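The next block holds one structure in the form of structure tokens; read it before the comments.
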Amino acid sequence: MTVMDFFGCALLAFGPPLAMFTFTIAIEPIRIITLIASAFFWLISLLLSSIVWYTIIPLQGYLSIGLIYSVFFQEIFRFLLYKVLRKTEKGLEKLTTAHVADSRDVFAYVCGLGFGLMSGAFALTNVLADAMGPGTMGLHQGNEYFFLVSAATTLCFILLHTFWGVIFFSALDNRNWFQIAWVIGSHMFASCMTLLNSYDHHAASLFSVYGILLVTTAVAFNVAGGRVQNLLQCFIKQ
Amino acid sequence: MKYLKCSRISLYILTLVSFVAANRIKDMLYMPISGVAACFRRHNGTHQFGCSSSKSGSIGVIHIVENEGDVQWLETNSTAGPYTIVLSFNMFNMEILKRFKNSNNVNGVLLTDSTRNSEHPSSYSPDDSCPNRYSGSKLCDKPWNPYGSSILLEDWPFPMFYMKDEEALSKIKLCYLKYNAHNREKQAERSLCALEMKSFMFAALNSESCIRRSTYSINFNPDVFCDPLGDRNIHWPVGPMNDDVKSVIMVIAKLDANSLYEKLVPGAGSTVTGLVTLLATAIYLHYLNATVSDKNIVFSLLNGESLDYIGSSRLVYDLKQENFRALGGKLLKLDQINSVIELGQLGKGPLYLHTNNFNADDAMLSNLQSKLSAKLLENSNPPASVQSFLKENSSLPVIVIANHGTEFVNKYYNSLLDDLEGLGYSSNSSLKDLTLSLSRVAATLAEELYSVVTGTSGPPQPNHRFVEDLIAELLPCYLTSALCSLFSAASPPGTKLPDQLLPMYVSVARSDNPVTTLTGQLLALLTGEPQPELGAAACSERHLLWMAGLNASGVCINATANYSAAVSPAFVIDDYDMKSGVYSTWTESVWQSLGMRMLLKPSAATERFSLILGSVVASVSFILVWFVTSRADVLFNTG
């Protein structure tokens, strides 16, 4: 019976990223390569976080401290990824017909989605594995919506990573320190808000992370050259 | 470990729930319940008996049954099935279990025994009203075991567990009250507290097919589905078996008991009383130093008797095949057996002698009758090991000494309640009166046998005090804990004995039963010849027994007590027809794990909601992303 739970949560968390992958990434091989490279960068940041967690034993008891250095590691690797991409974009152009240097926002988006997909996979896989089992949350603590809340939060973070990627890369190009601060600050804030889940404040945590997603989406839309009047136009245009 | 570490780190980034108390989400979803005993599956040649869960575990919503109304509600008004029934002994009977079976709405039965209310029910015996009904020498015409419910002899479609854990029971009750008990008409609309029982049995159908399926030649790495039940019989001849011995009196008792749940087989009233009396008789006779001429006495403890007389039928089969050489290598033949005396269920109260083929004026019989002030029941056939002898030789004189007449006194025959309390004692009360009644039987029988083999009127120096002390030491080993001085003395030095009651269940033939080993060693120690000049190394060199001894310093014993196989002839004879019903064909299924855990079973509504939400979000996002991509040039002014 809980197979339904499993598929529901999997579709909720990974349905939208799958749609984005199908229509925006899979159409060009170079984007797939970049996506995988960026996912790999996220993995290295995870590796460093886990090394720190594993070696500094006194800090293992404090979840929030682990969370803070893990966010910093991710942002450092986002920066490194930016550096690598800028260094290689001339070389990449030789491999493909696509104009990497001319479509920097597209590649920032691809890198962001790569980050998001890998973090989402790591966040939800264990939860999904247990969603299959016969039981649901609530015997000791939490409630039966635990799996849905987890999936929704994962989806939010995948999208957040995507848009943070867009904002961060363009902000580094333009030396826009305010936007960089927004990316790091909102990443930290959103991650900290998920700590509320341990106190069963699922609604507060969900609303705050989706609130940040809304603002971040708007900023990323703006950074990518989108305008509100264009938004209206695309409904009018046939 | 690596996997766990990864999961932890990833959850730092996306912390969903505090991991202070538990490491895995699994730990928060389930509450394992330990200290449970499971009902398992057994087969005979034609049927299967017992219980099994489904392969992945049987899940049922908890329903506590305390009265008739709860059973009726399950049958008529329940909506959120299947259920797992939680009940105590007052509702655990054949009629109610059959109703559960017929309702097709039950996925498990948990029998609980509250320690707070430790009073035993007035009676509970899962065995047949005629134990071993189909393997006796005659048809059973009256119920020997009137309390027998035959729960053991039924194939249950759901798993059954037993639990005696106050704390776990209160947790189950709390969970039941919190999620299930209120607003029972609308149970199906919410998450419900449920129990998952895992006791999947690999074997099915009957012994014949499960053994055939286990055949080793089919594939290289064979799967075994069931094992024959059996163990070892223990024998001890009073005098050496030489050519002068013309006839033999056999004194026998059974060594095993049975119960519905694995490991919980105390067998106090049904087995231990007779077993201890036999040991005391043998040891006392050894103490009296009877010299044997042409008439010998052989003491035999027979195993697997609760399951269609496995041990005795094998013994008789070996005797008939002239293949029984457990007594010092000397062949014993069936026609050498002069008579058989069985020590059945014993205890306080009046004694009965169930006899067959004995002349009423037989000296030994009349002496026994008068000295034990027992009631004589001629041509009485209680379900006992002598049945196997009578089956082969219907004119063999046999006596069964028991504390029951035509109906068992024991109200808990072959059940998990057949323990010290079932005998009417609490765990710390004195066993004085039981000791006295058993030693009276042992001393009387030993002295009577002494006079029969020596041809004198009795032992010159009887010592009843010796027998009483012996039984007072023996009883706690079998009724309270195996960690007792006699068992320690009978084990190799340094052995750590468990501080618990050893199960009397015969179990599968390929593993040795601890009770059989300890009893055999004990008999060897107390009837064998100590060899004080031999050390541990020299002792094992000569294939003698090295054990701790009564003063725990180590002693080498040259014993005449010996084992013989107690595996049914059905598994020895080539191409034996399992359906013929001649010999015991019991096998026990193999299982992988037995366990139980509590969980919250999600309501169908929540599951539907998450599937619908996931599908809608995924489809909408496909449309939206397609729309944005197709309008990207307009949206981002790139066109």
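The values are calculated or read from the model by the stated rules, or taken from the named source; none is laboratory data. These figures come from a predicted structure and were not determined experimentally. Here the Cβ positions follow ideal geometry from the backbone for every residue, glycine too, while neighbour counts run over all protein chains shown. Quick note on the areas: whole protein, heavy atoms, side chains included, nothing else; ligands and nucleic acids left out. Shrake-Rupley method; radii C 1.70, N 1.55, O 1.52, S 1.80 Å.
Summary table
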{"item": "Average partner coverage of A:116-125, which counts Cβ from other chains inside 10 Å", "result": "3"}
{"item": "Value in Å of the Kirkwood radius, where the range B:498-636 supplies the Cα pairs that are averaged", "result": "23.2"}
{"item": "Options B:160, B:340, B:298, ranked by Cα towards positive dipole end of chain B, top entry (Cβ charges)", "result": "B:160"}
{"item": "Partner chain coverage, peptide B:595-605 - average Cβ within 10 angstrom", "result": "4"}
{"item": "Square roots of 5 times each gyration tensor eigenvalue, C-alpha, the protein assembly as shown, largest first, Å", "result": "76, 28, 23"}
{"item": "Value at 222 nm in deg cm²/dmol, rounded to 500, when DSSP H runs of n ≥ 4 in chain A each add -39,500 (n - 2.57)", "result": "-27000 deg cm²/dmol"}
{"item": "For chain B: accessible area per residue (Å², 1.4 Å)", "result": "41"}
{"item": "Debye-sum result for chain A in log10 I(q)/I(0), which assumes one identical scatterer on each alpha carbon, at q = 0.07, 0.13, 0.14, 0.17 Å⁻¹", "result": "-0.25, -0.85, -0.98, -1.36"}
{"item": "By accessible area with a 1.4 Å probe, ligands and nucleic acids excluded, highest first: order of A:22, B:435", "result": "A:22, B:435"}
{"item": "Percent breakdown of C-alpha pair distances by 10 Å bin, ordered from the shortest bin, for the range B:230-567", "result": "6, 27, 38, 24, 5, 0"}
{"item": "Average partner coverage of A:64-76, which counts Cβ from other chains inside 10 Å", "result": "2"}
{"item": "Ordering of A:218-229, B:294-305 by packing [mean C-beta count within 10 Å, highest first]", "result": "B:294-305, A:218-229"}
{"item": "Fraction of beta bridges assigned by DSSP in the range B:24-109 that are antiparallel (%, nearest 5)", "result": "30"}
{"item": "Selection from B:462, B:426, B:534, by position along the positive dipole direction of chain B (Cβ)", "result": "B:426"}
{"item": "In degrees, nearest ten, helix B:166-175 long axis to first principal axis of chain B (Cα)", "result": "30"}
{"item": "Spin-label pair residue B:142/residue A:52, simplified geometry with 7 Å Cα→Cβ offset, distance in nm", "result": "8.6"}
{"item": "Segments B:593-601, A:183-191 sorted - mean Cβ within 10 Å per residue, highest first", "result": "B:593-601, A:183-191"}
{"item": "Whole-number percent relative contact order across the range A:79-156, with pairs defined as alpha carbons under 8 Å at least 6 apart", "result": "19"}
{"item": "Chain lengthening between residue B:205 and residue B:512 when straightened (0.36 nm per residue, less Cα-Cα)", "result": "107.9 nm"}
{"item": "Mean ellipticity per residue at 222 nm, deg cm²/dmol - from DSSP H runs of n ≥ 4 across chain B, formula -39500 (n - 2.57)", "result": "-9000 deg cm²/dmol"}
{"item": "With Cα atoms, 0 to 90° folded angle of helix B:514-527 axis to chain B main axis", "result": "20"}
{"item": "Apportionment of accessible area to carbon and sulfur, the range B:557-611, percent (1.4 Å)", "result": "51"}
{"item": "Intensity falloff of chain B expressed as log10 I(q)/I(0), Debye formula with alpha-carbon point scatterers, at q = 0.05, 0.10, 0.12 Å⁻¹", "result": "-0.29, -0.95, -1.26"}
{"item": "Student exercise, chain B dipole from Lys, Arg, Asp, Glu Cβ charges, in Debye to nearest 20", "result": "2120"}
{"item": "Highest-first arrangement of A:110-118, A:74-82, where packing means the average Cβ count within 10 Å", "result": "A:110-118, A:74-82"}
{"item": "Rounded accessible area per residue of chain A, 1.4 Å, Å²", "result": "44"}
{"item": "Solvent-accessible area buried by A and B, counting both chains, probe 1.4 angstrom, square angstrom", "result": "5800"}
